[in-house]
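**Q** One structure coming up, written as structure tokens, with questions to follow.
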Amino acid sequence: MPHHHLPATLIIIPTYNEAGNIEATVGSVLRALPEAHILVVDDGSPDFTGDIADRIAGEDERVFVLHRTEKKGLGAAYLAAFDWAHQHDYAIIGEFDADGSHPAEALPRMMAAFDSAARPALVIGSRWVRGGSVVGWPRSREFLSRGGNVYSRLMLGLPVADATAGFRLYRAEALRAIDLSSVDSRGYCFQVDLTLRFHDAGLPIVEIPIEFREREIGESKMSRSIVVEAMLRVTVWGVQRFGRRLRGRPATPRRAGAR
């Protein structure tokens, strides 16, 4: 369990079959933020990712591993990790993909944003703001991501260019203030769900441009079912919000996790 002098920052790295990437990913984060701790959340990877993570944790006291016995999706893994982070009193909680696509060197810039005048509760490493970019994606994948984000903005009134981004830092106190118990988004719409909750709660969100790189090792977890889930949920949330506006009610008390 954690040591007495806990740093303020925990970076969560969810894994499923990332044996070829996890070591390099953990190393890149610790080089960028030497004071941070890392929590690897492994959903019982059959390729022994969890064993590799255990070995890394045994060699570096900044690294911890949370083993989950079944693959329940990204959202469930992050919720379990947020719970762990709250129990151990971290002030900043980050999300970081294990596949090498997120640039760890952007982490110091994202951390610095917390000290800016905007006083954000959520800092997003964004592909789609000015200065952000994606390297190595086919045109179809870029269209899907850009289109999904434009659709989310239009349907939900979200003033965020990259609501689906999985590279982000939260103030722990802000995460605690959001009702996470009602989140049941599993795939990538988990990110949209949390972004929407922060926006509805009036919590400031800042986007920092990053260069996103396509993974080089292993297979992408993006699937048609994940995209369909995200589009359906965003549509339902948007219709609910529109209905509330028609009835003259505020948009905030969205019935979270509505299917």
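No value in this document is a laboratory result; all are computed from the given coordinates. Keep in mind the model is a prediction, meaning the values are calculated, not measured. Don't worry about glycine lacking a Cβ; one is built from the backbone with ideal geometry, like all the others, and counts go over all protein chains shown.
**Q** Which length gain, in nm to one decimal place, applies between Arg31 and Thr69 when the Cα-Cα distance is subtracted from 0.36 nm times their residue separation?
**A** Length gained between Arg31 and Thr69: 10.7 nm.
**Q** Classify the chain as rounded, prolate or oblate, taking a ≥ b ≥ c as the square roots of the eigenvalues of its Cα gyration tensor: rounded when a/c is under 1.5, otherwise prolate if a/b is larger than b/c and oblate if not.
**A** Working: a/c = 1.55, a/b = 1.39, b/c = 1.12.
It is prolate, given that a/c is not under 1.5 and a/b is the larger ratio.
**Q** What order, most packed first, do the peptides 84-91, 138-145 have when packing is the mean number of other Cβ atoms within 10 Å of each residue?
**A** Values: 84-91: 16.8, 138-145: 12.2.
Order by mean packing, descending: 84-91, 138-145.
**Q** Give me the extension gain from Asp60 to Phe48: residue separation times 0.36 nm, minus the current Cα-Cα distance, reported in nm with one decimal.
**A** Gain on stretching Asp60 to Phe48: 2.5 nm.
**Q** With 10 angstrom as the radius, rank Thr235, Thr9, Thr69 by how many other C-beta atoms surround their C-beta, starting from the fewest.
**A** Listing Thr235, Thr9, Thr69 from fewest to most nearby Cβ atoms yields Thr69, Thr235, Thr9.
**Q** In Å, what is the Rg of the alpha-carbon atoms in the range 32-115, and how long is Dmax?
**A** Expressed in Å, the Cα Rg and Dmax of the range 32-115 come to 13.4, 41.
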